[in-house]
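Novice: The following block contains the structure, expressed as structure tokens.
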């Protein structure tokens, strides 16, 4: 197993008043040539948007964009006709493809919305733009890793145009959960949403991230009650 660790306090920091964001990888005004992504995984932003504020309509193309709220309500609207609310316990996917414009606003006027915005490079260019939203709370089983995203429309969770698998783990203190990789020449980026875990010889705290390669399976030991997102993507 080879690893690269990104501690929570080393992430890029953006504070625009209405938006507070932490960037695991280079994004917008934060640039670090050694942190341009992990394989096909390009962006992990930890966003906090104040009540009544948000990202106005803006365009994307040829990117798989995933949002996972952890608190509050996120109001989504786009140019392919989608208009709705996503909340904690749900996941949203937007395949930008040939081009899509969207807004992501706080659905509440007086409390913040918190969510992770994750970008994955697609394995197909110029696809038809699409949107998908799914409740994942029922998919996630306690004390194991549960799939919430894959390349297969018929599999559990949402799907994207990439050989990628996301798994969420809600682990009680003292539990060890195993993860087996799906693909060859793949790696896994482990992101600790809450708690503290041990992977290999490394201890990861809240909001720490670790890229893992040259392995077919590994264990995650929860040192505290923890929530961990594993993002498996092609490395080559």
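Novice: For the chain, what number results from the quotient of the Cα radius of gyration and 2.2 N^0.38 Å?
Specialist: Working: Rg = 16.8 Å, N = 236, 2.2 N^0.38 = 17.5 Å.
For the chain, the normalised Cα radius of gyration comes out at 0.96.
Novice: Please compute the contact order of the chain in relative form: average sequence separation of alpha-carbon pairs under 8 Å and at least six residues apart, divided by the residue count, as a percent.
Specialist: Numbers: 687 pairs, mean separation 45.5, N = 236.
Relative contact order of the chain: 19 percent.
Novice: Additional query: Using Cβ counts within 10 Å as a stand-in for footprinting exposure, how do 215, 93 rank, fewest first? Don't skip to the end; give the middle numbers.
Specialist: Details: 215 16, 93 21.
Fewest-to-most ranking of 215, 93: 215, 93.
Novice: OK, next. For the pair residue 98 and residue 79, how long in nm is the line joining their label points, each one 7 Å along Cα→Cβ?
Specialist: Output for this residue pair reads 1.2 nm.
Novice: Could you list 35, 61 in order of exposure, starting from the residue whose Cβ has the fewest other Cβ atoms within 10 Å?
Specialist: Values: 35 18, 61 13.
Listing 35, 61 from fewest to most nearby Cβ atoms yields 61, 35.
Novice: Would you mind putting 64-75, 138-149 in packing order, based on average other-beta-carbon counts within 10 Å, highest first? Working shown, then result.
Specialist: Details: 64-75: 20.3, 138-149: 17.0.
Those peptides, ordered most packed to least, come out 64-75, 138-149.
Novice: OK, next. Which percent, to the nearest 5, of DSSP beta bridges fully inside the chain are antiparallel? Intermediate values should be presented prior to the final figure.
Specialist: Details: 89 of 92 bridges.
Roughly 95 percent of the DSSP beta bridges within the chain come out antiparallel.
Novice: Just to confirm my numbers, what's the Cα centroid distance between segment 80-119 and segment 169-208 in Å?
Specialist: Cα centroid to Cα centroid, the span is 26 Å.
Novice: Would segment 11-135 count as rounded, prolate or oblate if I go by the C-alpha gyration tensor, calling it rounded below 1.5 in a/c and otherwise prolate when a/b exceeds b/c, oblate otherwise? It would help to have the intermediate numbers written out before the result.
Specialist: Working: a/c = 1.74, a/b = 1.07, b/c = 1.63.
Cα axes put segment 11-135 in the oblate bin.
Novice: Give me the extension gain from residue 178 to residue 236: residue separation times 0.36 nm, minus the current Cα-Cα distance, reported in nm with one decimal.
Specialist: Details: separation 58, 0.36 × 58 = 20.88 nm, distance 2.38 nm.
Length gained, residue 178 through residue 236: 18.5 nm.
Novice: Enter the per residue convex hull volume of segment 145-234, computed from alpha-carbon coordinates, in Å³ rounded to the nearest integer.
Specialist: It is 81 Å³ per residue.
Novice: Another question, then. Counting only Cα atoms, I'd like the Rg/Rh figure for segment 2-82, Kirkwood definition for Rh.
Specialist: Values: Rg = 14.2 Å, Rh = 14.6 Å.
Ratio of gyration radius to Kirkwood radius for segment 2-82: 0.97.
Read-outs: derived from the displayed coordinates by stated rules, not from any lab. The model shown is predicted, which means the values in this text are computed figures rather than measured ones. Reconstructed Cβ throughout: ideal geometry from the backbone, glycine too, with neighbour counts over all protein chains shown.
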